[in-house]
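Any read-out appearing in this document is the output of simple, stated calculations on the displayed coordinates, not a laboratory observation. Values in this document were obtained by computation on a predicted structure and should not be read as measured data. Cβ atoms come from the backbone with ideal geometry, glycine included; neighbour counts cover every protein chain shown.
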Amino acid sequence: MPDQTQTAETEANLFRRFIQVTKLDTRMLAMMGALFFIWLVFTIMTDGIFLTPRNLFNLTVQSTVVGIMATGMVLVIVARHIDLSVGSLLGFTGMVIAWFQVEVFPLGAAWNWPLTVVIGLACGALLGAWQGYWVAYRGVPAFVVTLAGLLMFRGGAWLVTEGRTIAPMDPDYQMLGGGIDGSIGATWSWILGGLAIIALIGGSVYARIRRQRFGFGVKPMWAEVGLIVVGSALVIGFVMVMNAYTLPRTDTPRGIPVPVLILIVVVIAMALMARITRFGRYVFAMGGNPEAAELSGIDVKKNTLMVFIVMGVLCGIAAVVTTARLNAGANSMGLMAELSVIAAAVIGGTSLAGGIGTITGAILGAVIMQSLENGMVLLGVSSAMRQVTIGLVLIAAVWFDSVYNKNRR
Amino acid sequence: MNDVPLVEMRNIHKRFGGVHAVNGVCVDLYPGEVVGVLGHNGAGKSVLMKVLSGANPLDDGEIHIAGKKVTIANPREARALGIETIYQTLALADNLNAPANLFLGREILTAFGTLNDDAMESEARKVIQRLNPNFTNIVSPVKTMSGGQRQSVAIARAIYFDAKILIMDEPTAALGPQETRMVAGLIKQLKSEGIGIFLISHDIHDVFDLADRVMVMKNGRQIGTRRTSEVTKDQVLGMIILGKLPEEGTEEDLKGFH
Ligand SMILES: Nc1ncnc2c1ncn2[C@@H]1O[C@H](COP(=O)(O)OP(=O)(O)OP(=O)(O)O)[C@@H](O)[C@H]1O
Ligand SMILES: [Mg+2]
C-alpha cells in the first residue's frame, strides 16, 4: 500500500513539474482532454464515421464562422462587455454583400467580389463603431446597446431586399466558403504546413535567444524540443486529414479549405493583437480593473470603441464566409449565432467577470461545440435534444471553470 | 527653500453631489521637501491628492506647477507634468503581472512597435529589487501576490519614471517593518534627489520622522500647516482630532489623548 501512494505522488509531482517547465496552460490541456474524450466517444458510437477525413473536413469548415467571431467575442468579454448582436450583424452585412454582388455591381466583373468583400468589412466596422460609440462615449451598457443591435440589424437584413433571398454569388467568391473548388490542394497544404513548422521552430528559438539575452531562465531543451515535436505532429496530422478527403469521384485531395485558412489568419492576427500589442494589453487591463486602467492613463473610451470595431470587422469576415458557403444571401444567416459565439468563448475559458480569456481557448471552445453538434447529427439526435445537450455542456463548462479557479487560488 | 514651489494648490474645491470633500484647501510643496497630509478617515486627503494626480479634476481653485498655472484634466496630463502617484487603492490590474502593471500606459516597445515584455520584466526586476529583495516571483498575476508585494509593485511604478512630484497615499499600509524601513530610506533618498513628496499616512510617527511640514485636514477643510520642527506630535494630534491649531489648544484638551 505505501508503495502505491508513493508512486502516485511522484507521478503527480512529475506532472506538475512538466507543467511548470513547459509553461503549458493546464486549463488548455484540460480542454484538449475534453475534446479528445468527446471525439473518442463519438468515434466509438458512430463506428468510426466521426473520425473519417470527410467528417473531420466538414467539422473544420463548420467551425470557422463561429470561430472567427469567437476570437473577437473574447476581447469584448475580457473588456467586461458583451455583444449580443453578432448574429444579426453577420446577417445584415451578408445581405449587403450579396445585394451589391448580385444586384448592384455588374455580374462577372473581376472587381465585383473583391469590392463587395471590402464593403462587407467596412459595413461591419461601421456598425461596430456605432455600437462602440454608445457603449464607450454615451455610457449605455453593452448588453442594452447590442440587444438593440440584435433587433435592428436583423430588421435591417430583411429591409435590404424585403426578405428575398439573393443568389447565386460569383463563382470565384464561392471559393471563400470552401465548396468543391474551395480548397488549396495537396501541394499548397504541405507547403503551408511546412511553413507553420518552420515558424514554430523559429518562434521558440527567437524567444529563447531573447530570454537568454536578458539573463532569464529558459525551458530545458527537452521541453522545448518536445513542444515543437508535438506541435509539428499536430500540423502534419491536420494536413494529412485535409488531404485524405478527396474531390467527388476522383483521387484528387482537397487540401486545406479556404475558410479554414481565413480562420487561421484571423486567429494568428487576433492572438498577436491580444498578446503583443498595446491595444491588447489595454483591453486586458480594462477588464482586470477599469479604474486602474483609467488611472494609468489609458484612454478607456477609445479602446472600448476599438474593441467593438474589431468585433464588427470579424462579423464582416464571418459574413463573407457564410454567404460564400451558402452561395446566397438569405435572411436567416447568423440566426442565433450570438449564442454559439458567446458559448464558444465561455467554454474556451473567457471569464464573464472580465480580464481573463484566450483566443486559442475560444477556438477550442468553438471546435468542442461544433464536435458535439456534428457528432449528435451523425447519431441522428433530434435538433431539440441537441440544444438541450449543448445548453447543459455550457453550464458544466462554466461550473468546471469556477471550481478550477477556486482550487488554483 | 526660497525658490519657486514645485506645486502650489490654491483654494481647491471638490464636491461629490452633496459632499464637499475638499473645501478651500491651499498647500504647496518645494523641491526636496516632504509634506505630510494628515487627517481622520474621510477628511478629504485622498480626494485632494487625486485632484493633483488627475483622477478627480477640481471643481474650483488653481494649481501651479513650478510657477506655471496648469489644468490637470486626467491622469495622463498629471504624468506628463512629472506627477507620479501611489494610490491608496494601489490601482493595479489584478489579472496582469507586475511588469505589465508597472509599465501600464507607458510600455516599452520593440523596434516593430510591439510590447517588449522581456525588457519590461528586466527593468521591473531591477526596480523591485531595490524595494523588496525577497520579492522575485514578479511574473505571476498580481492577484496572486501578497498585500505587501502588491504595494511594492505600486511603489515601483511611481518611482521608476523619474517623477518630479510624488504622491504617496498610505504607501506602507500593507508593508512589514523591514519593508517599511526600506520605503522610509527610499523617501529620504528621493528627497535628496530634489523630488517633492506628498506623504499621507495614519502613522503620525512615520510622518513626523520623514516630513518637513505637515498639513492637517478635517471634514474637507484645512486646519493648518506647520513645520514638524516647530510643533510636537501632541499638538499635531490636537489639530487632527480637535481641529484646533496649537495656539488655540489647551493643555487640558491634549491630556485626553494620554
Ligand atoms: N468618488 C467619490 N464619490 C463620492 N464621494 C467620494 C468619492 N471619493 C471620496 N468621496 C468622499 O469624500 C470624502 C473624503 O474622502 P477621502 O477618500 O479623501 O478621505 P481620506 O481623508 O483619504 O480618508 P482615509 O484616511 O480613510 O483614506 C469622504 O466623505 C468620501 O465619502
Ligand atoms: Mg484616503
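By Kyte-Doolittle mean hydropathy of at least -0.5 and Cα axial length of at least 18 Å, which whole DSSP H helices of chain A are selected?
A:26-45, A:53-78, A:86-99, A:112-136, A:142-161, A:185-213, A:221-244, A:258-276, A:300-326, A:359-378, A:383-408
DSSP beta bridges in chain B, what fraction antiparallel, as a percent rounded to 5? Don't skip to the end; give the middle numbers.
Working: 24 of 42 bridges.
Counting only bridges with both partners in chain B, antiparallel ones make up about 55 percent.
Of the chymotrypsin sites (Phe, Trp or Tyr not before Pro) in segment A:181-278, which ones lie in a loop per DSSP and count no more than 15 other C-beta atoms within 10 Å?
Loop-located and lightly packed - A:214, A:216.
Assuming a ≥ b ≥ c are the square roots of the Cα gyration tensor eigenvalues, decide whether segment A:183-256 counts as rounded (a/c under 1.5), prolate (otherwise, with a/b larger than b/c) or oblate.
Prolate, because a/c is 1.5 or more and a/b exceeds b/c.
How much length, in nm to one decimal, is gained on full extension between residue A:104 and residue A:144, taken as 0.36 nm per residue of separation minus their Cα-Cα distance?
Length gained between residue A:104 and residue A:144: 11.0 nm.
What average count of beta carbons from other chains do you get within 10 Å of the Cβ of residues in A:234-246?
Per residue, the average neighbour count from other chains is 0.
For chain A, what is the relative contact order in percent, using Cα pairs closer than 8 Å and at least 6 residues apart in sequence?
In percent, rounded to a whole number, it is 32.
Testing the spin-label approximation: label points 7 Å from Cα along Cα→Cβ at residue A:389 and residue A:213. State their distance in nm.
Taking the two extended label points, one gets 5.1 nm.
Which of rounded, prolate, oblate describes chain B, given a ≥ b ≥ c as roots of the alpha-carbon gyration tensor eigenvalues and a/c under 1.5 marking rounded, otherwise prolate only if a/b is larger than b/c? Intermediate results must be reported in sequence, preceding the final value.
Working: a/c = 1.96, a/b = 1.54, b/c = 1.27.
Cα axes put chain B in the prolate bin.
Before rounding to the nearest 500, sum -39500 (n - 2.57) across all DSSP H runs of length at least 4 in chain B and divide by the residue total; then give [θ] at 222 nm in deg cm²/dmol.
So the calculated ellipticity at 222 nm is -10000 deg cm²/dmol.
Which shape class, rounded, prolate or oblate, goes with the protein assembly as shown when its Cα gyration tensor gives a ≥ b ≥ c as root eigenvalues, a/c under 1.5 marks rounded, and past that a/b bigger than b/c marks prolate?
Prolate, since a/c reaches 1.5 and a/b exceeds b/c.
On a C-alpha basis, how far is the centre of segment A:216-276 from the centre of segment A:356-377 in Å? Whole number, if you could?
16 Å
What is the gain in length, in nm to one decimal, between residue A:353 and residue A:122 on full extension, counting 0.36 nm per residue of separation less the C-alpha to C-alpha distance?
Details: separation 231, 0.36 × 231 = 83.16 nm, distance 3.05 nm.
Taking residue A:353 through residue A:122 to full extension adds about 80.1 nm, to one decimal.
Pairs to check: B:14/B:143; B:69/B:218; B:45/B:69. Give those whose C-alpha atoms are more than 24 Å from each other in this structure.
Listed pairs above 24 Å: B:14/B:143; B:69/B:218.
Summarise the partner chain shielding of B:112-121 as one whole number: the mean count of Cβ atoms from other chains within 10 Å of each residue's Cβ.
4
Return the long-range amide H neighbours of residue B:224 (sequence gap of 5 or more, or a different chain), with a cut-off of under 5 Å between placed amide H atoms.
Counting only residues 5 or more places away or on other chains, the set is B:216.
Loop-only trypsin sites (Lys or Arg not before Pro) in segment A:166-264, please: DSSP not H, G, I, E or B, and at most 16 other Cβ atoms within 10 Å. Mind showing how you got there, number by number?
Working: sites: A:208, A:210, A:211, A:213, A:249, A:254; in loops: A:249, A:254.
Filter output for segment A:166-264: A:249.
Once you place label points 7 Å from the Cα toward the Cβ at residue A:18 and residue A:198, how far apart are they in nm?
A separation of 3.2 nm, rounded to one decimal place.
Could you calculate the contour length gain from residue B:77 to residue B:202, that is, 0.36 nm times the residue separation minus the distance between their Cα atoms, to one decimal place in nm?
42.1 nm
Between residue A:398 and residue A:181, what FRET efficiency follows from the Cβ-Cβ distance if R0 is 41 Å, with the result rounded to 0.05?
0.50
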